[in-house]
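Notes for the one structure printed next.
The values are calculated or read from the model by the stated rules, or taken from the named source; none is laboratory data. Remember, predicted model here, so these are calculated numbers, not experimental data. Glycine also receives a Cβ, built like all others from the backbone with ideal geometry; neighbour counts cover every protein chain displayed. Each accessible area value is taken on the protein alone, full model and side chains, heavy atoms only, with ligands, DNA and RNA left out. Shrake-Rupley method; radii C 1.70, N 1.55, O 1.52, S 1.80 Å.
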Amino acid sequence: MSASNRSCFKVVIAAIIALLSALISCSDEDKNPVKPSGDTTAPTAITDLVVTGTEIGSTSLSWTAVGDDTTSGTACRYDLRYSTSMINFESAVQVAGVPSPQAAGTAESFTIEDLAPDKEYWFAIRVADESDNWSPISNTVSAITDSLFGEPIYYDVGVNPSSIVAVKLNADNHIDIAVSNRGEDNVTILLNNGDGTFLTSANPSVNREPRSLATADFDGDGDMDLATANGSTGDISVLLNLGNGTFETAVNYELSDPLHAYPASLNAVELNGDDDIDLVLADQYGSAKKISILFGNGDGSFQTPIDYDLEAMHVRTADLDGDMDTDLVASLCMDQAAILLNDGSGNFVVDSMLDLGFSGECATGLVLARFDGDQDFDIIVSTDECKVFSNNGDATFTTVTSRVIPILNNELGAYDLDDDGDLDLVGGFRQSQRLSIHMNTGAMAFTDRTDYWAEILNADDVGLVISDFDGDGHLDGAIATGDDGKLAVFLAVW
């Protein structure tokens with residue numbers, strides 16, 4: 001190598017070393033304990049932080065880059081934080097993924113994702129140089145993220161509504177609503193006008209104190225029928241649809257121990273491989289302490305109950321082990337959930353008991369859904385907090401301990417509210433008048449709660465349902481609750 005080439009080579013090596021040194025000097029302190037000495041001049045504070053836009057789960061910010069030393073050069077890194085109250089920078093949430101600063105005077109921008117909808121946030125930022133000299137904290141800005149739902153629209157239903165389903169009940173192809181009324185022993189039928197508004201069409205009677213409502217085509221005629229689990233009479237009432245949203249007189253099916261049963265958590269699903277819809281429910285508050293299955297005959301009638309001696313608050317259905325049969329999960333009042341696997345013919349065995357970790361509390365909400373994107377049905381249960389259990393694919397579960405969410409509800413559902421491919425959590429609060437949302441940020445993590453309130457009197461039980469009522473492609477919500485018997489419909493506004 002000639003002298004000139006060697007000289008050029010040395011220059012290139014020196015430049016590379018200088019670049020690497022600069023990169024290292026802006027690395028994390030734990031990775032780079034050696035700091036350039038003699039630099040005590042901090043960058044100046046950012047003073048023009050502004051909000052440039054909001055969406056349902058995000059807020060966009062912009063500012064002008066400051067320098068390495070006061071207002072000259074290029075600084076090393078940003079520390080951007082947010083809070084749901086007037087910001088205390090040290091206790092605020094630190095935002096990951098903020099790019100490194102550009103040269104002083106450059107316009108910078110960043111969008112903070114995974115925020116809750118319809119919630120006010122405060123933001124501030126500071127900047128450091130390569131010697132970890134930190135600027136003062138910037139000006140603070142605030143913004144309210146976009147809302148999912150508008151103000152509720154109210155409809156009269158019966159006294160003490162307890163459960164609600166969204167289903168097409170007549171031939172107009174619109175999503176209708178049915179509400180079971182615990183205080184009036186009937187079901188209110190609200191037919192959709194096609195724009196998300198409803199007209200009450202009928203109030204078919206059922207047996208005493210209907211606590212839970214389910215829907216399916218029980219008789220195979222192509223119309224969706226209804227069934228209620230009735231607390232005071234310990235039975236199930238079946239309403240067969242005449243095709244226009246009116247119903248035949250209810251037929252009642254006693255449970256095995258009707259005097260001691262107080263059933264709820266009713267599910268309509270095919271269990272035994274004959275393609276007929278079956279019913280499964282839990283004796284939620286009674287002393288019979290059973291899970292009961294009534295196999296359907298395909299003509300709208302049902303067989304004598306088959307019982308499993310489990311003290312269940314809720315029972316939910318899904319294929320847990322990937323064998324194409326519908327299995328059961330029952331939340332018990334012993335701080336456990338029972339995993340019951342189907343042998344394919346509707347016979348169930350308790351495969352395992354899942355420890356819920358609620359310190360003896362009874363789970364008030366239970367939902368099975370694909371939360372982590374792997375096509376297996378996971379479990380979320382709730383009391384005064386909400387816990388996630390990830391399915392390993394074989395009906396065994398791993399506790400996701402870092403995802404505990406306060407939620408306080410007795411109705412829990414999973415829906416993709418913002419159309420991002422992740423299932424979000426929706427809760428209906430018992431003894432309250434609100435629809436509550438936790439948005440899924442991915443990897444089974446959820447945002448803070450957003451509440452949508454309804455003016456309803458003395459709520460006790462609550463029915464919750466999510467569907468696209470107005471046909472705009474976005475999911476709407478509805479809750480039915482209160483001594484005054486109100487249905488509140490929340491239409492999506494995004």
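Neighbours of Asp448 by Cβ distance under 12 Å: Lys/Arg scored +1, Asp/Glu scored -1, total -2. When each of the peptides 113-126, 40-53 is scored by how many other beta carbons lie within 10 Å of its residues on average, the order from highest to lowest is 113-126, 40-53. Residue ranges 164-176, 221-233, 254-266 sort as 221-233, 254-266, 164-176 when ordered by packing (mean number of other C-beta atoms within 10 Å per residue, highest first). Computed over the alpha-carbon atoms, segment 96-161 gives an Rg to Rh ratio of 1.27, Rh here being the Kirkwood radius from the mean inverse distance. With contacts taken as Cα pairs under 8 Å and at least 6 residues apart, the chain reaches a relative contact order of 11 percent. For the chain, the per residue solvent-accessible surface stands at 41 Å², with DNA, RNA and ligands left out and a 1.4 Å probe. Computed on the Cα trace of segment 336-400, the radius of gyration divided by the Kirkwood hydrodynamic radius gives Rg/Rh = 0.97. Put the Cα centre of segment 42-94 next to the Cα centre of segment 261-325 and the gap is 55 Å. The label point for Thr246 and the one for Leu199, both projected 7 Å from the Cα toward the Cβ, are 1.4 nm apart.
For segment 134-200, with equal point scatterers placed on the C-alpha atoms only and solvent neglected, what are the log10 I(q)/I(0) values from the Debye formula at q = 0.13, 0.25 1/Å, to two decimals? Taking Cα atoms of segment 134-200 as identical point scatterers yields -0.51, -1.10. Across segment 257-406, Cα pairs under 8 Å and at least six residues apart give a relative contact order of 15 percent. Here Asp274 and Thr64 are evaluated by their C-beta separation; at R0 = 51 Å the FRET efficiency comes out at 0.15.
Across the options Ala216, Ala395, Phe358, the greatest Cα extent toward the positive end of the charge dipole of the chain (unit charges at beta carbon of Lys, Arg, Asp, Glu) belongs to Phe358. Dividing the summed helix terms, -39500 (n - 2.57) for each DSSP H run of n ≥ 4, by the number of residues in the chain produces a 222 nm estimate of -1500 deg cm²/dmol to the nearest 500. At the residue level, Asp394 shows approximately 80 square angstrom of accessible surface with a 1.4 angstrom probe and all protein chains present. Across all C-alpha atoms in segment 62-207, the radius of gyration and Dmax reach 26.7, 79 Å. Peptide packing: for 88-94, 337-343, the average count of neighbouring Cβ atoms within 10 Å per residue gives the ranking 337-343, 88-94, highest mean first.
Carbon-plus-sulfur accessible fraction, segment 262-366 (probe radius 1.4 Å, protein heavy atoms only): 45%.
Overall form of the chain: prolate. Here a/c, set by the Cα gyration tensor axes a ≥ b ≥ c, is 1.5 or more, and a/b is the larger of a/b and b/c.
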